[in-house]
Amino acid sequence: MTATPDFSAGPPGPSRILDGKYRLDARLGEGSAGVVYRATHLGLKKVFALKLLKPGPALDPFSVSRFQQEAEALGRLRHPHIVDVTDFGIDPGVGAPYLVMEMLDGVPLAELCAETGPLSLRCALPILDGIAQAVDAAHEQGILHRDLKPANVLLCRTERGDLAVKVLDFGLADVSALPALGAAEKETPSSVIAPEAAGTEGLLGTPLYVAPEVIRGARACRASDLYSFGVIAYEMLAGKPPFQGPTRDVLAGHVRGTPPAGALSPPVWKAVRAALAKDPERRPATAGEIVRRLRIAAQEEDRTRWRRAELPRRALLAAGLAACAAVAALLLPPAGLPAVERWLYDLRIRASPARSPDPRILLVAFDEASLAGGPPLADRADEIGRTLNLVFAAGARGVAVDFQLPDSWSASPGFSDLVLRHSDALTLAAFSNPQGEVVGIRSIAGLTTVALGPRRAAEIFGFVNLDDADGTVRRGRLWFRDSSGNRQPSWAARAMHSLQPDLAGQNATSQSFWIDTRIDWPRYARISWRQLPAALDRNPGLFRNRLVLVGGDFKGSDDDNRRIPHRSGGNRTVSGLTLQALMVDTIGAGLPIREPGRMPFLAATILGIGFAMAGILCARRPGPIVAGLVAGAIAYLALSFPVFQRTGLMLPVTAPLLLVLLGLLAALLLRRNFPPPPEVSLS
């Protein structure tokens, strides 16, 4: 602030020396009662601002008392945001009191508001914070300002260039002990001033900024200063005071009117409106609390701007990531990670109760006792053919032989008779070796094939090839494709077809199935081939309506080293006959262990991770979303066990969880390259 020396109404005496201590260098400003000079202390050679009451009518008792009040108030206050008073005295020449303050070079807040119009909340907050600190510091010292307004706030710059806010003019300050916080004296009818008839006469304060209770005639309190502070905040942010016009309209507005929200955002208007409450007890307790609420409002505005700018972009990115996850899902193997899925299958088997075996299945085993002392198996075609004819005669629905029969059996009359009599209910084993040759089908060559015809002869056989990628058999097959591309049934499917002719295993869409090793296989009805003739004589009803499975169960048999998951833990070794019985039983039960459609689960997974990735990218703190996603994945994994036990459904695990993991990592990595959402602090 600059000024040209002007003493036309200047100090007394030609020396321009005041009270023998101060040389008045220039007049800086003038009010109704006093003049402000730039003055130099003669002893200290330091420049101050000196406020001097005008000689003449201004020296009335009220003005002198007000001047002394300001000196007393400022003398008690030492605060960075309150103008600092260094001296007070009476000019001996004319008896005019003067007040010496620090010299400030700045712009009044009123001038800034008039020139710039509405300030942004970010620009206004540092100024309001400085005013609030000054007001609260005065209140803590028992001092009310009673005339807060933009003209009494000076904006300066420190030596470092920082903004400095100084509250001036404590001429109306009340230095008496304050009443209770936020409480105003209850007005009486005689003290109330009707706003319609009120003017400024007798009213302490400036009408544009005065509190409603003061207009009504009540004694000013802390809340009255806070109301004036709220008006200042409103004017800075809205560009004009809340009420304008003739004095009577302004006063009426303070008492009964509602300021327009104007361009203030809802959070800002809420904070300012609290300071402008008509009831003093409903206003915030301190000016600092008003600033705190405005600061929160600024943070909310920042978050609103951030949401408008970032959320659409991040949501679109999350949708793109979900689309990439969909492509990845299509590229994943149908079984996800096969090794992990096999391990989970074993765990589910171990956690499940046993299932009773099919009572219609009867095992006839060529054990060591059956082979001891007799001819080798390759030379027993007639014996086996005659005996199995007796089994059919006893009422068996079907017989399945789990041997790779030698070619020489085609010359056996007894075996040929068995084939010709029971070709519809008899199943023989065929095996496709790594060279692509089919072993076992020449056991009915020659006249037997001619008698049956090529088609019927081929239909007797079922393939016994097994899948054991890791040395453990978990899956069986319903059919195989031959070299011509035609479907050929597996041995197990062909055997069960003789017991259930309506079984559509050969026409099933899925080629393989999970073997139900929950079946308590030691409980299968079983007899040794050696005991078979005696059983046919004494108890032929044992075979009625049963499917008889004939196979080897002796050391050295190629079929005696098959490992399967077991409920007791680990894997158990069973004979090929037992394994084939488990597959036949599984097929007859309608394939109780089944896999639901893959795509619905993957679609649900992709939809879920799409929302989760959007949340991770957009949320202020992704931790709860990540924790929820991980907890959901764990819950899904845990849920797959009781679902398997109750329904036999093998819920896909590795593919969905792998997609969740990839989506989670992608979202977290991308989030690191985006600005975080603004914080909203409640302090």
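The values are calculated or read from the model by the stated rules, or taken from the named source; none is laboratory data. Just so it is clear, the structure is predicted and the values come from calculations on it, not from any experiment. Reconstructed Cβ throughout: ideal geometry from the backbone, glycine too, with neighbour counts over all protein chains shown. Just so you know, the surface numbers come from the protein's heavy atoms only, side chains and all, with ligands and any DNA or RNA stripped out. Shrake-Rupley method; radii C 1.70, N 1.55, O 1.52, S 1.80 Å.
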> Do the conditions hold for L499, that is, is it open to solvent by less than 10 Å² (accessible area, probe 1.4 Å), at pLDDT below 90 and in contact with a Gly (Cβ under 7 Å, 6 or more places away or on another chain)?
Replying inline: yes
> If you go through the stretch 554-570, how many residues are modelled with pLDDT of 70 or more and touching a Phe, Trp or Tyr at 6+ places or on another chain (Cβ under 8 Å)?
Replying inline: 1
>> R563 - would you say it is outside any strand (DSSP E or B) and open to solvent by 30 Å² or more (accessible area, probe 1.4 Å)?
In response: no
> Taking the stretch 506-532 as the search range and keeping residues that are of a type in the set (K, R) and either open to solvent by 30 Å² or more (accessible area, probe 1.4 Å) or at pLDDT below 90 (or both), which one is farthest from A354 (Cα to Cα)?
Replying inline: R530
> What's the number of the condition L665 fails, among (1) exposed (fewer than 15 other Cβ atoms within 10 Å of the Cβ); (2) within 30 Å of D302 (Cα to Cα); (3) in contact (Cβ under 8 Å) with a residue 12 or more places away in the chain; (4) of a type in the set (A, V, I, L, M)?
Replying inline: (3)
> List the pairs whose first member sits in the stretch 593-611 and is closer than 17 Å to V643 by Cα, whose second member is of a type in the set (S, T, N, Q) and open to solvent by 30 Å² or more (accessible area, probe 1.4 Å), and whose Cβ atoms are under 9 Å apart, counting only residues at least 6 apart or on separate chains?
Replying inline: R594/S510; R594/T647; E595/S510
>> Consider the stretch 583-612. How many of its residues are aromatic (F, W, Y) and either open to solvent by less than 60 Å² (accessible area, probe 1.4 Å) or touching a Cys at 6+ places or on another chain (Cβ under 9 Å) (or both)?
In response: 1
>> Taking the conditions exactly as written (out of contact with any strand residue (DSSP E or B) (no Cβ under 7 Å at 6 or more places or on another chain), open to solvent by less than 50 Å² (accessible area, probe 1.4 Å) and under 25 Å from E159 (Cβ atoms)), does D129 satisfy them or not?
In response: yes
>> What's the total number of residues in the stretch 239-275 that are crowded, with 22+ Cβ neighbours inside 10 Å and either of a type in the set (G, A, S) or within 41 Å of the chain's Cα centre (by Cα) (or both)?
In response: 4
> Going through the stretch 67-82 one residue at a time, which ones are closer than 20 Å to H139 by Cβ, assigned to a helix (DSSP H, G or I) and open to solvent by 20 Å² or more (accessible area, probe 1.4 Å)?
Replying inline: Q69, E72, G75, R76
>> Going by what's in this entry, would R307 be described as in a helix (DSSP H, G or I), at pLDDT 90 or above and at negative phi?
In response: no
> Given the structure, is L337 open to solvent by 60 Å² or more (accessible area, probe 1.4 Å), under 35 Å from the mean Cα position of the chain (by Cα) and without any contact (Cβ under 8 Å) to a residue 40 or more places away in the chain?
Replying inline: no
>> Can you report the number of residues in the stretch 83-112 which are at pLDDT 85 or above and not in a strand (DSSP E or B)?
In response: 9
>> Let me spell it out: the conditions are (1) open to solvent by less than 70 Å² (accessible area, probe 1.4 Å); (2) assigned to a helix (DSSP H, G or I); (3) farther than 20 Å from R222 by Cα; (4) of a type in the set (D, E), and E115 meets all of them except one. Which number is the exception?
In response: (1)
